[in-house]
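Report on the following structure.
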Amino acid sequence: MATRAQILIPISIAAVIVGVAGIYAIPEESKLETVEFPRGMIMVDDVALEVQIADTEPRRVRGLMFQEQLPYDQGMIFVFQEPGAYSLWMLNMQFPLDMIWFDKDGAVVHIEQGVPPCKTALEITTCQSIVPNGLATYILEVTAGFVEMHGITKDSRLSIISI
């Protein structure tokens, strides 16, 4: 009969090999440290924001992960080619966010306020996806408190200046 060590050691070695092979198999453009964001300007109602633009899959995957802070006059806008029920999560975020989903015409579809980050080991294992109540083409992430500070509601409008 095999001992516990005789079983666990080969399994552990196989897991390490598979993990290392998986890291090398990730396409270069998807690796988080290589993602750069173009910048643009938008307005929500009469509030101007400089935004980082997440318009490709690698940029959307990275999002605001690991960023330490975001001033209230800045945000990140996720841009999609087709309307959809795009969800977001707070994996590796460092601060809470307000999130606003907009349709292709700039109308608000859904708002989430004060979404907490998932940065500890326990939070990461239970990190929930936030799913909107409608189809969106744009999602704006801003520092928590932005929605209340500027009175953003379902009647608010997104205007693209340059993205």
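For region 30-162, calculate the relative contact order in percent as a whole number, restricting contacts to Cα pairs under 8 Å that are 6 or more residues apart. Over region 30-162, the number comes to 30 percent. With contacts taken as Cα pairs under 8 Å at a separation of at least 6 residues, region 89-137 carries a relative contact order of 46 percent. Reducing region 116-163 and region 72-106 to their Cα centroids gives an inter-centroid distance of 5 Å. With a cut-off of 12 Å between beta carbons, the residues surrounding Met43 carry a summed charge of -3, where Lys and Arg count +1 and Asp and Glu -1. Packing around the peptides 99-112, 55-68, taken as the average count of other Cβ atoms within 10 Å per residue, puts them in this order, highest first: 99-112, 55-68.
Here, each number is a calculation from the coordinates, and none is a lab measurement. These figures come from a predicted structure and were not determined experimentally. Cβ sites come from the backbone with ideal geometry, for glycine too, and all protein chains shown count toward neighbours.
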